[in-house]
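Reading through the structure tokens given below for one structure.
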Amino acid sequence: MNKVVDRAELKDIIARLKKEGKEIVFTNGCFDLIHVGHVRYLTEAKKLGDILVIGLNSDKSVSGIKPGRPINSEKDRAEVLAALYMVDYVTLFDEDTPYELIKEVQPDVLVKGADWDLKNIVGADIVKEVRTIPFVEGISTTDIIKRIQSKNKT
């Protein structure tokens, strides 16, 4: 089974899974350098339903919101995410936000990191439930990049 699917294929898969009574959990992000914070976050997200879908920012989308990024290509980031046991499907989106993708998927649960204010979570108006998951303190892709850069300067 290929876990990396295009949006049209994902829409068909989700329709079938919903008919089977499966609860769909959706989250999104860049997932540029996978770290322990991502793994813990996705593990907790998976516990909130039956199927975990990740909307992955495309290279175009990432470069528009994070200067100098992504580090890894969308193809590589998607493949790494798909290799994680808790991830069921990964699909790319080019837009700045996943709003249109969330409208297409119509997930039951939308998950974001706890640093997001519930009022500002894109797609909250579409889903039945919005949940936040705490981050691992001091772990982020930006922090990892800064550590690498500081080690390269010495």
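The values are calculated or read from the model by the stated rules, or taken from the named source; none is laboratory data. As the structure is a prediction and not an experimental result, all values here were calculated from the model. A quick note on method: Cβ atoms are made from the backbone with ideal geometry, for glycine too, and the neighbour counts reach across all protein chains shown.
Confirm whether L52 is of a type outside the set (S, T, N, Q), crowded, with 21+ Cβ neighbours inside 10 Å, without any contact (Cβ under 8 Å) to a residue 60 or more places away in the chain and touching a strand residue (DSSP E or B) at 6+ places or on another chain (Cβ under 7 Å). So L52 fits the description; yes.
Residues checked against (1) surrounded by fewer than 19 Cβ atoms within 10 Å (Cβ to Cβ); (2) modelled with pLDDT of 95 or more:
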site	(1), (2)
M1	yes, no
L10	no, yes
E23	yes, yes
F26	no, yes
H35	yes, no
L42	no, yes
S73	yes, yes
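Highlighted here are the helices (runs of 4 or more DSSP H) found entirely within the stretch 26-116 that include at least 3 residues which are over 19 Å from D6 (Cβ atoms): 36-46, 59-65.
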